[in-house]
1. Using label points projected 7 Å from each Cα along Cα→Cβ, tell me how many nm separate Glu394 and Leu575, to one decimal.
2. Any chance you could run the full-extension gain for Gln358 through Lys444? It's 0.36 nm times the residue separation minus the Cα-Cα distance, nm to one decimal.
3. At a probe radius of 1.4 Å, what is the per-residue accessible area of Trp599, in Å² to the nearest 10?
4. If you take the square roots of the eigenvalues of the alpha-carbon gyration tensor of segment 338-427 and sort them as a ≥ b ≥ c, do you get rounded (a/c under 1.5), prolate (a/b over b/c) or oblate?
5. To the nearest 10 Å², what's Asp347's accessible area with a 1.4 Å probe?
6. Roughly speaking, to the nearest percent, how much of segment 337-441's 1.4 Å accessible area is carbon and sulfur?
7. First check a/c for segment 553-594, with a ≥ b ≥ c the square roots of the eigenvalues of its C-alpha gyration tensor; if it is under 1.5, answer rounded, and if not, answer prolate when a/b is larger than b/c or oblate otherwise.
8. Quick one: Karplus J couplings for segment 157-169, per residue in order, coefficients 6.51, -1.76, 1.60, θ = phi - 60°, nearest Hz, x for Gly and Pro?
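The values are calculated or read from the model by the stated rules, or taken from the named source; none is laboratory data. A quick note: this is a predicted structure, and the numbers were derived from the prediction, not measured. FYI the Cβ positions are ideal-geometry reconstructions off the backbone, even for glycines, and counts take in every protein chain you see. The area values use the complete protein model at the heavy-atom level, side chains included, leaving out ligands, DNA and RNA. Shrake-Rupley method; radii C 1.70, N 1.55, O 1.52, S 1.80 Å.
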Amino acid sequence: MIMNDLTHLLGTEEGRGFRGGIATICRHSGLMGICAYFQYWNIRGISRFLGIPKFSRNFEDSAKKLGGLRSSRRRWTQGRRHWRIILICRTAISALNPNLGGGGSCCRTWAGRLSFGCLKSRFFLLLVEAGLIAGLASDCARQAAVTKPNIVVIVADDMGFSDAGCYGGEIQTPNLDRMAKSGLRFTCFYNTARCWSSRASLLTGYYAQQVRRDELPGSGGGVDGKRPAWASLLPAMLRPAGYRSYHSGKWHVDGPVLAGGFDHSYCVNDFDRYFNPKEHTADDQPLPPVKPESGYYSTTAIAQHAIDMLAGHQAEHRGQPFFLYLAFLSPHFPLHALPEDIALYKDRYRAGWDAVRQERYERMKEPGIIHCDLSHLDPDIIPRWNLPEQELRERIGSGEAGHAVPWKDLTDEQRDFQPIKMTLHAAMIHRMDIEIGRVLGQLKTMGVLDNTVIFFLSDNGASAEQIIRGDGHDRNAAPGSAGTFLSIGPGWSSAANTPFRLHKSWVHEGGISTPLIVQWPNGISAHGELRHNPGHLIDLAPTILELAGAKWPETVHGVSVPPPPGKSLVPVFTLDGSVAHDYFWWFHDGNRAIRVGDWKLVADHKKPFELYDLRTDRCESHNLAADNPDKVKELEEAWTRHMEEFRALATQDLPPGQAAKNDREPKNQSD
């Protein structure tokens, strides 16, 4: 009876409190009179023996409220006392959620104390069986929840590999720099080259093609693809481990935010207006459009909503671990920035993108962030959906440039205008860093910063896109203001992605390489170190679940969940190179790549495959395909084999014929 009662008790909200543990177990067991078995002083003695003084107060309150019952004593043999108390302790421990991590250790320690004490005690307390162990186990659950780390994932949008100061950039990012100094910087971490596919991999732990969130011929996937029923998001996987989850910023995932397991959300669905978005929601409910010149700026608003959610968590769920997904729009086009931030970078970029690339490259080499020659520019490669250069000049001005040509080849008008765009890009990142600092300040105020694991990354490389949408572009408006619609273009994108080649949407290193900063004062003893261990967004979910003491689900809605392709990077926190992957795989917008060991095979759309040895040439400057045809064939076959595996998984639950409708060219959709 006691085992059943305890198991039931620990699954109830009422059973979480010590007092509730006693009252509930008594009510369910019909043991309302059990306090008569022992004297009031004995309660105090047992609680003191356990080394948890607050239990004494809880016991006193409970005993008094259970009716001032008269004391009675009953002798038990030492053997029977020992046997029964061991049974009760085991019952309490087994009733705990198996994902509690530290809670199991906590309860085992107390169980040992209790059983030892009963060997020497003259009185076996039936209340201990019914109430103390129930409340003790419940308190262990609370203690385990407190010791579990909080998780914060911060995502920048279209930020280049070398933009942050701690990755070689000249942009002032003191908060990111402090995180890097107290934590780790990963030098070889990958995304999927695009917004929606990266967010799918981050939140599900699968390649986006596996969950129909990026296009694959015959898979029925893409930017509008719907995940299979088994593809849960991180908040849903963290909930059984006791986590509450919050989201602020960009979404770009299929389905409503709260349906993905988040408890609260502020979502900006307007990617064209930083100062007055027309579409944004709170907990999936539409909010009124923001009026122009209201003082709103999305980067600040996204951070403020996150701060408010954290403050609410502290007020209502203190001690319960949380997951915060903070997804900025910055520095995604349009280049909208605050005047005070723009002023900080005035004239900083007049030397041009060639000079900035070289400066960043030199700063990256010194600490060992990169070990390759600076890549060359690719002046002939731009997104196919970009506006023609002539139209850009007509709508924006004669200073616009549509290709990443050497700086010296630009006209005087172009050399005057182009630095303004990088100034805006830098100002946007600078403001994002300021807002990240405010969020970190909130965590410090709450007293949880040291036990919070913080990840910072970008969803893809910097963007070479040049389009005009939203409210259009007013040539007479101040650059960076709400009336403008500028993009950095391929020249400055090449600088932002230093030292790598190409841009967002390509799967060369410039499109798929992201900075990754990990800070966790309580859990990472290495400070300011680099980690060269390759990793991918598919690794974040397994990493976070391990940190949280959570398990990967075996079934969801009665459907079996396939094993995830990623690996936990927790061992890398301690030892670089300790986690190996069989392969990394990419396919986006027709661009293809696979990495096996240090070999990478990559193709720009329908062009021939290129082969690189990333051990010495991660900047992809020396194509070895002609000299290694067997390796090219081997890797191409591996790429195709994994594509077929992913397609089979993505289509296994689709009605016959539905998947084939997507056998077409990918959409020309930008994010």
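1. So the two model labels end up 6.3 nm from each other.
2. The Gln358-Lys444 span can extend by a further 27.2 nm.
3. 70
4. Values: a/c = 2.06, a/b = 1.29, b/c = 1.60.
The shape class here is oblate.
5. Asp347 has an accessible surface of roughly 100 Å² with all protein chains in place.
6. Here carbon and sulfur together make up 52 percent of the probe-accessible area.
7. Because a/c hits 1.5 or more and a/b fails to exceed b/c, segment 553-594 counts as oblate.
8. Working through the residues one at a time gives 10, 6, 8, x, 4, 9, 6, 5, x, 6, 10, x, x Hz.
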